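Read through the structure below, which is laid out as structure tokens, and then see the notes.
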Amino acid sequence: MEPLHLGVDAGNSKTVALLCDVEGRVVGQARSGNGDIYGAESAQAATDSVVGAVKEALTVAGASVDQVAAAAFRLAGVDWPEDRAYWVEALATRLPELTRCSILNDGFAAIRCGEPSGVGVAVIAGTGSAVAGRGPRGDEWSMSFWIQDAHGASGLVASALRAVYRAALGLGPATTLTGRLLRFFGYPDVESMLHDFTRREGPRRAFGFHASAAREVVAAALEGDEVASAMAKAEGEHLADYARVTARMVGFPLTDQGASREQEGVPVVLAGPVLGSEGSPVMASLLAALPTRFPAGRPVRAVLPPVSGATLDALADTGVAITPAVLDRLRESAPPPDFLAT
């Protein structure tokens with residue numbers, strides 16, 4: 001079999017591995033659990049998820065690790081140098097046959113999903129959020145723990161729960177989020193919900209448990225609930241700010257004054273279910289804020305899932321040109337949406 005290229009996208013909800021040939025045809029894929037060393041039960045559990053997905057994808061492809069010409073691991077939780085060092089050692093131990101391997105934060109996975117050159121800024125809003133950029137001279141930077149505001153689906157729901165608790169105390173405005181979240185989580189009243197989510201011997205909740213209620217926050221915002229609308233608006237504005245900061249950190253101009261490529265605008269690739277859902281109020285807020293907060297930013301919707309972007313990084317690492325034909329083959333042979341859904 002000809003050389004293969006491996007892309008891995010790991011987050012708190014899932015880890016996905018994708019193998020393609022040099023022309024972009026997907027030949028193997030696999031899905032496993034939480035691959036974030038910060039969010040999983042342990043770093044070892046995150047490693048097991050990532051390595052397990054890689055090995056299963058190889059099994060599906062009928063291939064071995066030594067056939068992988070390049071691998072691109074885009075992992076939530078690669079936030080500091082010691083995090084990358086952890087993965088370098090873990091992968092060298094568990095997958096020693098991988099001789100060409102790049103390891104970056106999962107935010108980088110989405111850049112090529114909207115900008116095939118891999119140069120630009122990516123904003124992903126999923127269970128959490130990730131913002132990363134690669135500049136015109138190859139500089140790379142990720143927001144990581146610099147993100148200080150509520151973000152992603154988990155941030156929307158955390159803000160919504162606070163609003164519901166404050167409303168119950170008479171310290172905040174009434175909101176339809178109260179009824180929506182009580183029905184969604186199955187509680188008779190607010191105190192029962194607060195008790196169950198905070199009691200000392202309460203059930204352990206997976207990171208994505210609360211985040212699954214983000215659809216209720218979005219629905220309330222779309223129906224005109226002022227509290228929910230304010231949350232969605234704030235998240236979109238924060239993401240626009242983070243895109244600007246990331247662009248600055250990797251050497252892009254922040255205004256529309258520039259030469260050649262910069263005059264076309266800095267690609268800001270928008271990805272993740274919070275931004276991609278139909279009528280997303282967070283997306284609407286981000287798009288409204290970008291022209292004033294980051295005039296050089298040119299919003300681009302992702303046309304591929306992040307794991308495909310990671311696979312494109314692996315292809316590019318071996319000198320494969322990311323042509324429209326490669327993109328088409330990768331898109332046409334990608335796993336079905338249900339396989340990638342959180």
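The values are calculated or read from the model by the stated rules, or taken from the named source; none is laboratory data. What you see is a predicted model; the values in this text were computed from it and never measured. FYI the Cβ positions are ideal-geometry reconstructions off the backbone, even for glycines, and counts take in every protein chain you see. To get the accessible areas, we keep the full protein, side chains included, count just its heavy atoms, and leave off ligands, DNA and RNA. Shrake-Rupley method; radii C 1.70, N 1.55, O 1.52, S 1.80 Å.
Phi angles of the range 110-116 translate, via the Karplus equation with coefficients 6.51, -1.76, 1.60 and θ = phi - 60°, into HN-Hα couplings of 8, 4, 6, 5, x, 9, x Hz per residue; Gly and Pro are given as x. In this view, the solvent-accessible surface of Tyr86, computed with a 1.4 Å probe and all protein chains in place, comes to about 70 Å².
Normalised by the number of residues in the range 245-342, the mean separation of alpha-carbon contacts (under 8 Å, six or more apart) gives a relative contact order of 25 percent. The residue list Ile147, Leu340, Val268 was ranked by how far each Cα lies along the charge dipole of the chain toward its positive end, using unit charges on Cβ atoms, and Ile147 comes out on top.
Per DSSP H run of n ≥ 4, the term is -39500 (n - 2.57); total these for the chain, divide by its residue number, and report the mean residue ellipticity at 222 nm rounded to 500 deg cm²/dmol. Calculated from helices alone, the mean residue ellipticity at 222 nm is -13000 deg cm²/dmol. Take the chain, drop everything but the C-alpha atoms, weight them equally and run the Debye formula without solvent; then report log10 I(q)/I(0) at 0.15 Å⁻¹ to two decimals. Here log10 of I(q) over I(0) equals -1.22.
Computed with every protein chain present, the accessible area of Ser192 is close to 40 Å² [probe 1.4 Å].
Pairs of alpha carbons in the range 260-322 separated by more than 17 Å make up 54% of all such pairs. The relative contact order of the range 1-43 comes to 34 percent, based on Cα pairs under 8 Å that sit 6 or more residues apart. Over the C-alpha atoms of the range 93-244, the Rg to Rh ratio, Rh being the Kirkwood estimate, stands at 1.08. Take every DSSP beta bridge whose two residues both sit in the chain; close to 50 percent of them are antiparallel. Net charge in the neighbourhood of Leu75 (other residues with Cβ under 11 Å of its Cβ; Lys, Arg +1, Asp, Glu -1) is -3. Solvent-accessible area of the chain (1.4 angstrom probe, protein heavy atoms only): carbon and sulfur portion equals 53 percent. Using a Gaussian network model of the chain in which every pair of alpha carbons under 10 angstrom is joined by a spring, one finds that among Ser280, Ser142, Ser308 the greatest mean-square fluctuation is at Ser280. For Ser212, the solvent-accessible surface with a 1.4 Å probe is about 40 Å², rounded to the nearest 10.
Taking the convex hull of the alpha carbon positions in the range 1-125 and averaging its projected area over all directions gives 7.3 nm². With every protein chain in place and a 1.4 angstrom probe, the accessible-area ranking of His151, His5, largest first, reads His151, His5. Centre-to-centre, using Cα atoms only, the range 62-126 and the range 281-308 are separated by 23 Å. In the range 70-152 the Cα-Cα distances spread across 5 Å bins starting at 0 as 3, 14, 23, 23, 18, 13, 4, 1, 0 percent of all pairs. Peptide packing for 59-66, 161-168, 331-338 was compared via the average number of neighbouring C-beta atoms within 10 Å per residue; ordered from the highest value, the list is 161-168, 59-66, 331-338. Mean-square fluctuations from a GNM of the chain, with a 10 angstrom spring cutoff on Cα atoms, peak among Val320, Val303, Val282 at Val320.
Relative contact order, whole percent, for the range 105-158 stands at 30, derived from Cα pairs under 8 Å and 6 or more residues apart.
Per q in 0.15, 0.20, 0.23 1/Å, what log10 I(q)/I(0) does a Debye calculation on the alpha-carbon atoms of the range 167-240 return? The Cα Debye sum returns log10 ratios of -0.59, -0.99, -1.18.
Accessible area per residue for the chain, computed on protein heavy atoms with a 1.4 Å probe, is 44 Å². Within the listed set Pro96, Pro253, Pro116, the Gaussian network model of the chain (springs between alpha-carbon atoms below 10 Å) gives the highest mean-square fluctuation for Pro96.
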